[in-house]
Every structure is written in structure tokens, then in C-alpha cells.
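Working notes, beginning with the structure itself.
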Amino acid sequence: MRPAALGGAPAFDEQLPLIRPSLATDDDLLAGIGAVLDSGMITNGAEVRRFERLVAEFLGVPNVVAVSNATTGLLLLLRCLDLNGPVVVPSFTFIASGHAVLWNGLPVVFADSDPRTATIDPSSLPDNGFSAILATHTYGSPCAVDELSARAERAGAVLLFDAAHGFGARYPDGSQVGAKGLAEVFSLSPTKTLTTGEGGLITTADDDLARQLRVAREYGNPGNYDSVLLGLNGRMTEIAALLGNSALPRFPGWLEQRHSLVERYVKSLADVPGLSFQEIPAGAVSSYKDFTVRVGSDFGLTRDELAACLRAERISTRPYFDPPLHRQSVYADVPTGPLPGTEELSRTMITLPLSTHLAAAAVDRVCDTIARVHEHSAAIAQTLRRTE
Ligand SMILES: *Cc1c(COP(=O)(O)O)cnc(C)c1O
């Protein structure tokens, strides 16, 4: 069979989406929605309290603060910490990690990422001159937490995690992502491993910080309308919390399913020349928010050429994260030295379809298609590069 890029029939009759949200729809959930609507309490009420309690138990952390989304969570967290110096962020991350810093009026310092792990490279951080590190558990794989802690301590800075991808991941010591640093912020948007439609969670062992965050998500109003900090409306709705409460008991099964699909991908793709995988730190467990593959030169086509081939096959992919933050227009004024790891990652990484309910047969077909594209890479390269 010829690849679609050479005129063959597409591998899929219908577009294969990159991600489908994991949702639990059953009669209990629908009855719960009815009960919330009847109660007249439709935001930041009993369901949100229950969700915070259940997540705290699930993650083994003392405090969970539910918010309307992770971007708001990051904004409020940085605001509550009252930082007075630059914040180190990897350039290889999603837009929101950097935006939260700029919205707080703080300078951003971009760090490089390790091309093997795709997480922030601790050795690329300056020795001092920053007030916080905000590191991302890229694709759901935990950052090098011990090295980052040591660097933060030496600089007198706080260590924070953008854990948007990390729900369900574990650090090498077995603790859940959510339990390290001064605070971690999860996203519950539809592409994440646990979703409530829109939503976010801040976890922290610091009781005072948790108290402050609860005030911050209510405009900074402690209850007497004398606002004590520049907060926002960051409340989670009751329906969102209900979705979370009904999803949580199913989450371990979903995670297992994700891992088995990733294993299937890795087994099939390991033999394709030029493809390699994100290294997960020894002993750690990734949540596999994304399954992302590196396209090396032995593949015979660039990452973008492979993406074009897969588009023709009706297979959705994303170049997460290209462009990286330091090459985006909003960040044009941030002084940045060379970031070779970031450049390599943003040029070579491709995210393949993965969701809890993705059929194993679909994974097999994606892998077969990629292998076939590789086999025809010389002819495809000729065609693509001629028409450019
Ligand atoms: C999705 C995402 C966010 C933003 O989450 P929202 O809940 O959509 O605000 C932040 N950081 C990273 C790394 C993300 O992937």
C-alpha cells in the first residue's frame, strides 16, 4: 500500500483526533447535575469542597484549592507569593506558564530543556538573580525535582511546578505529582488526563498559602468586602466539580489504559529508524498526558514532513511545543541566550493521538502508517521538497 502522501488511500476513513476527553457519563452523574441545579448553589459550594477533599486524599497532599482553570491558578499563586524578582520558566512549555509570570508584572528568564527528558535542564539555570522557578512536568513526566530544589535553595528562590500535564504522575520516590515544591498547579481542561471541562487545582503543603489562595480566588475578599490582595474571580463551578467527583474513582483505570496504549506504541515504533522516545526519570511514572516522539535524521523526513504525511492519512498530530515561548511574539523583548535543547525539541518532537478510549487497533494502524511512511521516505521527500 502506498502512503497517502504518494497518492494512496488515507489510513483512516475519518479524522483520528489527537485527544478525546475522558468522561464518565452515567445516571448518577446526570442525577447529580439535577440536584446541583435544584439546590440553587451552582458555584464554589459543596461539590467543590468534596472535590478538593477527594483530590487531597487521592494525591496525598494536605491542601487542594480548586480554581476555574490552571492559568488562573498560576496567576493567583504568583500573586499570593508576592515575588520581587524574575521567574525562571522553561521556554519549552505551553504558553500559559510564561503568561502567568508576565501578567504579574514579573520578568521572565528562560531556561533550556534537556532534549532527552523534555523537562527543564537544571544546569541551564543562572546561579542566582531570580525569585522563583516555575517548572513544567512536560507531557506528564516529572521534572528533575532534586536538582531543581537544590538550585532554588541556593538562589533563595521558591520552587513551583506547572503540573498541568501531571495528574496521575509519580516522582521517583513514589509520591504523586502535586506533593513537591512550594505548590503545584494542575489543569483540568479537556486535553488533560483528568478533566472537568475547564478547571484547575493548586496543591500545597503550606496552610497559610492555601488560605490566601482561597481568598485570592474570591477577588481577594476575605468575606468582609475589604479586599486584602489583588485577586480574581477564580472560582470553580459546582457542575465542574461534579464532573471531577464522578471521574476520580475511574481515573486509575483510565491511567492504566493510557499506559498500555503507550506500551503498544513504544513496542511498535521502537524498530522504526530515527524515532526515539522521551526519557522518563528512573523510578518515576509519567501520566502520559501526551505521547510524543522525537523524529531524528535517520527517519528520512523531518518532523514537519512526517506531520504532513500523517495529515494526508487523516491522523491528527501536534508539534508540542513549537514555537517555544522565547520565539513567540509576546516574548520578543525577553533577552535570551542560546537554548540548544529547546531548539532541538521544538524542531523534532511530534505528539501522536492518545486518549483513554483510543482503540488498540487504531494505535497499531498509526504505527503501521508511520513505518510505511519511513519505508517510502525517499520518494516522499522528493515529492514534498519538489512542490515546496
Ligand atoms: C493546558 C496548560 C496550561 C493551562 O491550563 P488551563 O486550565 O487551560 O488554563 C498551563 N500550562 C501547561 C503546561 C498546559 O499544558
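The values are calculated or read from the model by the stated rules, or taken from the named source; none is laboratory data. Because the structure is a prediction, the values reported are computed rather than measured. Positions of Cβ are generated from backbone atoms using ideal geometry, with glycine treated the same way; all protein chains shown enter the neighbour counts. Please note that ligands, DNA and RNA were not included when accessible areas were found on the heavy atoms of the full protein model with its side chains. Shrake-Rupley method; radii C 1.70, N 1.55, O 1.52, S 1.80 Å.
The residues listed here are Val373, Val330; of these, the one that is part of a helix (DSSP H, G or I), among the β-branched types (Val, Ile, Thr), modelled with pLDDT of 95 or more and under 19 Å from Phe277 (Cα atoms) is Val373.
Being in contact (Cβ under 8 Å) with a residue 12 or more places away in the chain, more than 16 Å from the ligand (Cβ to nearest atom) and over 22 Å from Pro252 (Cα atoms) is the requirement here; does Gly45 meet it? For Gly45, the condition - in contact (Cβ under 8 Å) with a residue 12 or more places away in the chain, more than 16 Å from the ligand (Cβ to nearest atom) and over 22 Å from Pro252 (Cα atoms) - is met. Going by the structure shown, is Glu256 open to solvent by 10 Å² or more (accessible area, probe 1.4 Å), in a helix (DSSP H, G or I) and touching a residue at least 24 places away in the same chain (Cβ under 8 Å)? Against the criterion (open to solvent by 10 Å² or more (accessible area, probe 1.4 Å), in a helix (DSSP H, G or I) and touching a residue at least 24 places away in the same chain (Cβ under 8 Å)), Glu256 does not qualify.
How many residues, within segment 164-179, are buried (at least 18 other Cβ atoms within 10 Å of the Cβ), in a loop (DSSP other than H, G, I, E, B) and more than 16 Å from the ligand (Cβ to nearest atom)? The qualifying residues number 2.
Ser297 is checked against (1) over 27 Å from Ser187 (Cβ atoms); (2) without any contact (Cβ under 8 Å) to a residue 12 or more places away in the chain; (3) open to solvent by 60 Å² or more (accessible area, probe 1.4 Å) and fails just one. What number does that condition carry? Failing condition for Ser297: (2).
Of all residues being more than 14 Å from the ligand (Cβ to nearest atom) and open to solvent by 10 Å² or more (accessible area, probe 1.4 Å) in segment 60-79, which is nearest to Arg211 (Cα to Cα)? Just the residue, please. Checking each candidate, the answer is Asn63. Scanning segment 121-146 for residues that are of a type in the set (Asp, Glu) and touching a Gly at 6+ places or on another chain (Cβ under 8 Å) yields one hit, Asp121. When Leu306, Leu301, Leu310 are screened for being over 16 Å from Thr93 (Cα atoms), assigned to a loop (DSSP other than H, G, I, E, B) and aliphatic (A, V, I, L, M), only Leu301 passes. Do the conditions hold for Glu198, that is, is it within 16 Å of the ligand (Cβ to nearest atom), in a strand (DSSP E or B), of a type in the set (D, E, K, R) and closer than 30 Å to Thr25 by Cβ? So Glu198 fails the test. When residues in segment 141-161 are screened for being open to solvent by less than 10 Å² (accessible area, probe 1.4 Å), in contact (Cβ under 8 Å) with a residue 40 or more places away in the chain and either within 10 Å of the ligand (Cβ to nearest atom) or part of a loop (DSSP other than H, G, I, E, B) (or both), 2 of them pass.
Considering only residues in segment 82-139 that are polar (S, T, N, Q) and within 27 Å of Leu354 (Cα to Cα), the one that is farthest from the ligand (Cβ to nearest atom) turns out to be Thr117.
In segment 182-192, the residue that is nearest to His357 (Cα to Cα) out of those that are surrounded by 24 or more Cβ atoms within 10 Å (Cβ to Cβ) and more than 11 Å from the ligand (Cβ to nearest atom) is Glu184. The listed residues are Ile42, Ile19, and the only one of them that is open to solvent by 40 Å² or more (accessible area, probe 1.4 Å) and either under 16 Å from Arg214 (Cα atoms) or of a type in the set (Val, Ile, Thr) (or both) turns out to be Ile42.
Of the numbered criteria (1) surrounded by fewer than 19 Cβ atoms within 10 Å (Cβ to Cβ); (2) within 30 Å of Leu23 (Cβ to Cβ), the one Cys367 fails is (1).
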